[in-house]
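Visitor: Here it is, the structure, as structure tokens.
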Amino acid sequence: MRLETRKLLDKAFSGFGLIAIVIMALALVFILAPIVSRGSKAFVFKGTIEHRRVMLELFDRGNVDKFHKERDEVGKAREPIYAMMAEFEAKTLELETSIETTLDEIKNEDRNLRKEVSRLKKVTPRDDVLIAELEARREQFKTREAELKAQRSELDDTRSAPYEELKDTVEELFGPIPGDKTPVLVRQRYGQTRWDRSLIKLHELLYTEEWDYSSPDGIGVKVETPRSELFAGTCLEPLFSYTEENIPQMMRPRTTFYWQFITDVSKGDNFFGGIWPAVLGTIYLTLGSMIFAIPMGVIAAIYLCEYAKEGRVISFLRVCISTLAGVPSIVFGLFGLAFFLNTIHVSSSKSVLAGSLTLSLLILPTIIRSAEEAILAVPRSYKEAAFGLGAGRWRTVLTVILPAALPGILTGVVISMGRAAGETAPIIFTAAVSVGLPLKIWETMTEPTPALPWNIYNLCTEHEAVDEIRHVQYGMVLTLVAIVLILNLFAIFMRARISKKLRG
């Protein structure tokens, strides 16, 4: 090959390599930017007085006197809303009572007229004129009864149903109305704890949404109608403008740094609190899988490189190891369920132990291959020098080959650790649950645990209020990425220190 051609190829490869690095960096930024920006909102956000109330009542955290003073001020700002709602309920109840009373009176009068008509028909001679007058009066009562029933139905359609929807929205925004029964569910006892969600609920309070499918193409168009139109002419009409103007005074947003998002236990189906059980469960599963996988993987690599004789059996084993590295993770999950739980019964049900064993099998091929390549990369002169000094094979492996190959082995460990921390499918059947308390170390042998990968998937797909807990979902993703990064940095740091010692 001519020198000019070789230089041109070298520059081309260098250029392609630089372009690949830039593309990878841009892809990393493109993926991590929304995770960091949205995930950070789980830690830093504008918290309302409802958030401070949750912290005080559920986590015993905050200044009691200061909160009570602020709550009294907020209560005064919200009082006109509750007064308007109470007045509307009273007037509606009064109107309903009046209609029911009139209907009862009409029914009694009609019953008496019917008896009188029946009696007159039996009297001889019959007074047909009087009977006709009574029948006419009965028809008037029936007409009046129909009008009142229609009025009651219209009252239900135009007032009761829209009012119940309005009341539910008010309770979602501010919490239960004073005087009502305390809800059973924790998440229904408090209003919106975040200012951004408060603004969304305010919009839902001010407007009703409907879909119009009357267009020729059949595509639905969302139509928003001011909710105040439904209550025009009633005592509730001023409620909407008052709420829109005074929402800051009624919610008291304040910039909040909630670092306890990592260390708090979740409350109310992840509406409140943090993600500590899932974080701890992820750490348990990751470290547990490494405890099982690293010794088995390194010992298998030593055997394949130093003790096994090349032949069909060893070649077949290497093919099997390479094949297992590409098996879908869900297969390992099903195998863990069938073998560890249903066959050898490492625990009576899902447990961290079963999940760790399953994950260890998942990452075992990667550790074996990386350790094998690291051992083979050790210069042969190291081994020959050890043998020349009288060291045996096993002593040579322990004192010469393994220390020299350790940086390469740690590279495989780093890759495997990141994969074990982020896998979802293998732990679905063996270890993960949606909710749970933090486990003690001795409980990992028999108890399941929440885990970040599974909880992220569960909250994004199966939670009944997916949109309302977006900050929790992104916060979990950011925390998982941070855990993997910290574990990888620690392993890289250890690899660098070991390499420095080996270089003397």
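A short reminder: the numbers here are calculations on the coordinates, not readings from a lab. Just so it is clear, the model here is predicted, and its values are computed rather than measured. Reconstructed Cβ throughout: ideal geometry from the backbone, glycine too, with neighbour counts over all protein chains shown.
Visitor: Could you work out how far apart the two model spin labels at residue 313 and residue 29 are, taking each label as a point 7 Å from the Cα in the direction of the beta carbon, and quote it in nm?
Guide: With each label point 7 Å from Cα toward Cβ, the separation is 5.5 nm.
Visitor: If I histogram all Cα-Cα distances within region 1-70 using bins 10 Å wide from 0, what percent of pairs lands in each bin?
Guide: Binned Cα distances yield the sequence 16, 21, 15, 13, 11, 9, 7, 6, 1.
Visitor: Neighbour counts of other C-beta atoms within 10 Å: give me 372, 133 arranged from fewest to most. Mind dumping the intermediate values first?
Guide: On the way: 372 24, 133 13.
The order, fewest Cβ neighbours first, is 133, 372.
Visitor: With an 8 Å Cα cut-off and a minimum separation of 6 or more residues, compute the relative contact order for the chain in percent.
Guide: Values: 584 pairs, mean separation 88.3, N = 504.
Across the chain, relative contact order equals 18 percent.
Visitor: I've got another one for you. Within 10 Å of each residue's Cβ, count the other Cβ atoms and sort 215, 40 from fewest upward.
Guide: Numbers: 215 9, 40 14.
The most exposed by this proxy come first: 215, 40.
Visitor: As a check on your grasp of the helix formula, calculate [θ] at 222 nm for the chain: sum -39500 (n - 2.57) over DSSP H runs of n ≥ 4, divide by the residue count, round to the nearest 500.
Guide: Values: 17 runs with 331 residues, N = 504.
Helix-only estimate at 222 nm: -22500 deg cm²/dmol.
Visitor: Would you mind giving the average projected area, over all directions, of the Cα convex hull of region 181-307 in nm² with one decimal? Numbers along the way, then the final one.
Guide: On the way: hull surface 69.5 nm².
Computed as one quarter of the Cα hull surface, the answer is 17.4 nm².
Visitor: Using the reciprocal of the averaged 1/r over all distinct C-alpha pairs, how large is the Kirkwood radius of region 276-502 in Å?
Guide: Numbers: mean 1/r = 0.0528 Å⁻¹.
The Cα-based Kirkwood calculation yields 18.9 Å.
Visitor: Kindly flag which residue pairs out of 46/167; 142/167; 46/76; 309/383 have an alpha-carbon separation exceeding 27 Å in this structure.
Guide: Values: 46/167 25 Å; 142/167 35 Å; 46/76 22 Å; 309/383 17 Å.
The answer is 142/167.
Visitor: Extension gain residue 209-residue 136, at 0.36 nm per residue separation less the Cα-Cα distance, in nm? Working shown, then result.
Guide: Numbers: separation 73, 0.36 × 73 = 26.28 nm, distance 4.74 nm.
21.5 nm is the gain from fully extending residue 209 to residue 136.
Visitor: Any chance you could give the angle, 0 to 90 degrees and rounded to 10, that helix 470-502 forms with the longest Cα principal axis of the chain?
Guide: 10
Visitor: Which FRET efficiency value, to the nearest 0.05, is calculated for residue 147 and residue 232 with the Förster distance at 22 angstrom and r the Cβ-Cβ distance?
Guide: After rounding, the FRET efficiency stands at 0.45.
Visitor: Using the Kirkwood radius built from alpha carbon pairs, what does the Stokes-Einstein equation give as D for the chain at 25 °C and 0.890 mPa s, in µm² per second?
Guide: Working: Rh = 29.8 Å.
Roughly 82 µm²/s, to the nearest whole number.
Visitor: Enumerate the amide H contacts of residue 267 below 5 Å, restricted to partners 5 or more residues apart or on another chain; note that Pro and chain-start residues carry no placed amide H.
Guide: 272, 273, 274
Visitor: Which ³J(HN,Hα) values, rounded to whole Hz and listed in residue order, are derived for region 365-378 from phi using the Karplus coefficients 6.51, -1.76 and 1.60 in 6.51 cos²θ - 1.76 cosθ + 1.60 with θ = phi - 60°, glycine and proline given as x?
Guide: x, 5, 5, 4, 5, 5, 5, 4, 5, 5, 5, 5, 7, 5
Visitor: Same structure again: Modelling each spin label as a point 7 Å along the Cα-to-Cβ direction, I'd like the residue 497/residue 36 distance in nm, to one decimal.
Guide: It works out to 2.7 nm between the two label points.
Visitor: Give me, ordered by chain and number, the residues 5 or more places off residue 256 or on other chains with an amide H under 5 Å from its own placed amide H.
Guide: 45, 46, 47
Visitor: With everything on Cα atoms, drop me the angle between helix 128-155 and the longest principal axis of the chain, reported from 0 to 90° to the nearest 10.
Guide: 30
Visitor: Turning to a different aspect of this structure: Can you give me the Rg/Rh ratio for region 343-455, using Cα atoms for both radii and the Kirkwood formula for Rh?
Guide: 1.17
Visitor: Once amide H atoms are placed 1.01 Å from N in the peptide plane, what residues at a sequence separation of 5 or more from residue 191, or on another chain, have their amide H within under 5 Å of its amide H?
Guide: 175
Visitor: Compute the distance from the alpha-carbon center of region 313-338 to that of region 430-504, in whole Å.
Guide: When both Cα centres are located, 24 Å separates them.
Visitor: How charged is the neighbourhood of residue 400? Take every other residue with its Cβ under 12 Å from the Cβ of residue 400, and add Lys/Arg as +1 and Asp/Glu as -1.
Guide: Values: positive: 380, 383, 393, 395; negative: 306, 384.
So the surrounding residues net to +2.
Visitor: How far, in degrees from 0 to 90, does helix 195-206 lean away from the longest principal axis of the Cα atoms of the chain, to the nearest 10?
Guide: Compared with the principal axis, the helix lies near 30 degrees.
Visitor: Still on this model: Pairs of Cα atoms under 8 Å, at least six residues apart: use those to get the relative contact order of region 51-257, whole percent. Walk me through the intermediate numbers first.
Guide: Working: 139 pairs, mean separation 46.2, N = 207.
It comes to 22 percent, rounded to a whole number.
Visitor: Using the Kirkwood radius over C-alpha pairs as Rh, can you work out the diffusion coefficient of region 51-257 via Stokes-Einstein at 10 °C, viscosity 1.306 mPa s, in µm² per second? Intermediate values should be presented prior to the final figure.
Guide: On the way: Rh = 21.5 Å.
Using the Kirkwood radius from Cα pairs, D works out to 74 µm²/s.
Visitor: Further question: Where the only charges are on Cβ atoms (+1 Lys, Arg; -1 Asp, Glu), what is the dipole of the chain about its Cα centre, to the nearest 20 debye?
Guide: Numbers: 60 positive and 61 negative charges, 818 e Å.
The dipole magnitude comes to about 3940 debye.
Visitor: Okay, moving on. I'd like the FRET efficiency for residue 327 and residue 389, computed as 1/(1 + (r/R0)^6) with the beta carbon distance as r and R0 of 35 Å, rounded to 0.05.
Guide: Numbers: r = 43 Å, r/R0 = 1.24.
The value I calculate is 0.20.
Visitor: Can you tally the net charge around residue 463? Count Lys and Arg as +1, Asp and Glu as -1, for every other residue whose Cβ sits under 12 Å from the Cβ of residue 463.
Guide: Values: positive: 187, 470; negative: 269, 462, 464, 467, 468.
Local net charge: -3.
Visitor: For 219, 299, 375, which order do you get if you count the other beta carbons within 10 Å of each Cβ and list the fewest first? Before the final figure, lay out the partial values.
Guide: On the way: 219 9, 299 12, 375 21.
Ordered by Cβ neighbours within 10 Å, fewest first: 219, 299, 375.
Visitor: In addition: Could you please report the charge total around residue 67, scoring K, R as +1 and D, E as -1 over all other residues with beta-carbon less than 9 angstrom from its beta-carbon? Please list the in-between numbers first.
Guide: Details: positive: 52, 53, 66, 69, 71; negative: 65, 70.
Once all neighbours under 9 Å are counted, the net charge is +3.
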